[in-house]
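The values are calculated or read from the model by the stated rules, or taken from the named source; none is laboratory data. As the structure is a prediction and not an experimental result, all values here were calculated from the model. Counting neighbours? That spans all protein chains shown, and the Cβs are built from the backbone with ideal geometry, glycine included. To get the accessible areas, we keep the full protein, side chains included, count just its heavy atoms, and leave off ligands, DNA and RNA. Shrake-Rupley method; radii C 1.70, N 1.55, O 1.52, S 1.80 Å.
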Amino acid sequence: MKHRRHGLLLAITALALSVSATACSGGSSGQSAEASSASSSAAAAAKVVTHVMETSPVDPHTILRPGAPGTGLIPTGAGADGTVSAQSFDGVPKVGAVFFSVGGVVSAHYCTGSVVHSASGNLIVTAGHCVYDKLFAGWQNHVVFVPGYHDDIAPYGLWAATTAYVDAGWVNKEDPDSDIAFLKVRKVGGGTQTLESVTGADTFTTSPGYENAVSVAAYPLTASKPVGCANKTKKASDTQLELDCEGLPDGASGSPFIASGDRLVGVLGGYEQGGNTPNTSYSIYFTDKIAKIYLATAGS
């Protein structure tokens, strides 16, 4: 597997599931982030694909149980030698694991997502390749978000994705500068509370600058707890951010880059679907084009 971030294939293999499911994207372009950006259509106007993920909503079953949320902050991961390495912690409410549902059962997590502010209060963001992958059946229609997940506990319940908003550049040709997806969700089991009212949310930030001190929380594949670290982003290209943090492996796709003031300034993905080593990660840069995708979710 050359793209390390989208770990669904490994999740399926690890669980020995005997059903058809999605998997990680394969193949590496071998280009630098700069070359990848130069060949993309990032300057083009966004054309948003709106995809209904639930045609007949049915609540999935799960072995996850209610329980107390984790406490504490996202760790800095700072080492005495100046390196930054992701460290395990108990999680934060607005970041969660993205699970797939097979046969109506919430089975395993394969990506990471986070709550982003919206009019409805029921919107999350993740990587585009966590939602649409041409190589493995296209749309992933059975996605469940579990905010604050740890130790088989779903402290804020389960939230099923109902609608996806993705740039056509990703759907049509997997443009690395369009690797982002916004998902409208609903509470499994019903209820009147919105996701955002329960967990809080980050604010989508257009043109945030290339250098920001950020915290990142991610769910490694099959891990029972998230990992986190903090470092400063830097410019990889006009359309890509780079972040150095050791230990962000398969499953980290979709992890939020959170700057001061609860500002969402990146989502792990983009170049090489987030990078081809667990030590250096990428995100698309939030240009006006990407902002148009977010704005298309108005009311979601």
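Some values worked out for this structure:
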item: Lone unmet requirement of (1) open to solvent by 10 Å² or more (accessible area, probe 1.4 Å); (2) at pLDDT 95 or above; (3) farther than 16 Å from Ser207 by Cα for Asp262; result: (3)
item: Every residue from region 248-293 that is in a helix (DSSP H, G or I), of a type in the set (Gly, Ala, Ser) and farther than 14 Å from Ala127 by Cβ; result: Ala291
item: Filter result (closer than 22 Å to Gly254 by Cα, part of a loop (DSSP other than H, G, I, E, B) and open to solvent by 50 Å² or more (accessible area, probe 1.4 Å)) within region 72-89; result: Gly72, Leu73, Thr76
item: Selected residue (only one of Gly169, Gly228, Gly189 is more than 15 Å from Thr126 (Cα to Cα), more than 17 Å from the chain's Cα centre (by Cα) and open to solvent by less than 60 Å² (accessible area, probe 1.4 Å)); result: Gly169
item: Filter result (under 17 Å from the mean Cα position of the chain (by Cα) and surrounded by fewer than 24 Cβ atoms within 10 Å (Cβ to Cβ)) within region 103-115; result: Ala108
item: Matching residues in region 192-201 - criterion: being in contact with a strand residue (DSSP E or B) (Cβ under 8 Å, 6 or more places away or on another chain), part of a loop (DSSP other than H, G, I, E, B) and open to solvent by 40 Å² or more (accessible area, probe 1.4 Å); result: Gln193
item: Verdict on Ser37 being modelled with pLDDT under 85, open to solvent by less than 50 Å² (accessible area, probe 1.4 Å), farther than 21 Å from Asp250 by Cα and not in a loop (DSSP other than H, G, I, E, B); result: yes
item: Top-ranked residue in region 177-186 [being charged (D, E, K, R) and open to solvent by less than 30 Å² (accessible area, probe 1.4 Å); ranked as farthest from the chain's Cα centre (by Cα)]; result: Asp177
item: Cross-chain or 6+ apart pairs with Cβ under 7 Å, region 255-274 first and over 12 Å from Ala217 (Cα atoms), then open to solvent by less than 10 Å² (accessible area, probe 1.4 Å) and of a type in the set (Lys, Arg); result: Gly269/Arg5; Gln273/Arg5; Gly274/Arg5
item: Residue among Tyr294, Tyr210, Tyr285 that alone is open to solvent by 30 Å² or more (accessible area, probe 1.4 Å) and under 16 Å from the mean Cα position of the chain (by Cα); result: Tyr294
item: Positions within region 231-246 being in contact (Cβ under 8 Å) with a residue 24 or more places away in the chain, open to solvent by 50 Å² or more (accessible area, probe 1.4 Å) and part of a strand (DSSP E or B), in sequence order; result: Asn231, Lys234, Lys235, Asp244, Glu246
item: Residue in region 46-66 that is at pLDDT 90 or above, crowded, with 17+ Cβ neighbours inside 10 Å, of a type outside the set (Ser, Thr, Tyr) and under 21 Å from Cys245 (Cα atoms) present; result: no
item: Residues of region 144-162 satisfying the condition of being assigned to a loop (DSSP other than H, G, I, E, B) and open to solvent by less than 20 Å² (accessible area, probe 1.4 Å); result: Gly148, Tyr149, Ala154, Gly157, Leu158
item: Glu174, sole failed condition from (1) more than 18 Å from the chain's Cα centre (by Cα); (2) open to solvent by 40 Å² or more (accessible area, probe 1.4 Å); result: (1)
item: Residue match in region 119-137 (condition: open to solvent by 20 Å² or more (accessible area, probe 1.4 Å), within 17 Å of the chain's Cα centre (by Cα) and at pLDDT 95 or above); result: yes
item: Given (1) among the polar types (S, T, N, Q); (2) more than 27 Å from Asp288 (Cβ to Cβ); (3) open to solvent by less than 40 Å² (accessible area, probe 1.4 Å), index of the condition Asn141 fails; result: (3)
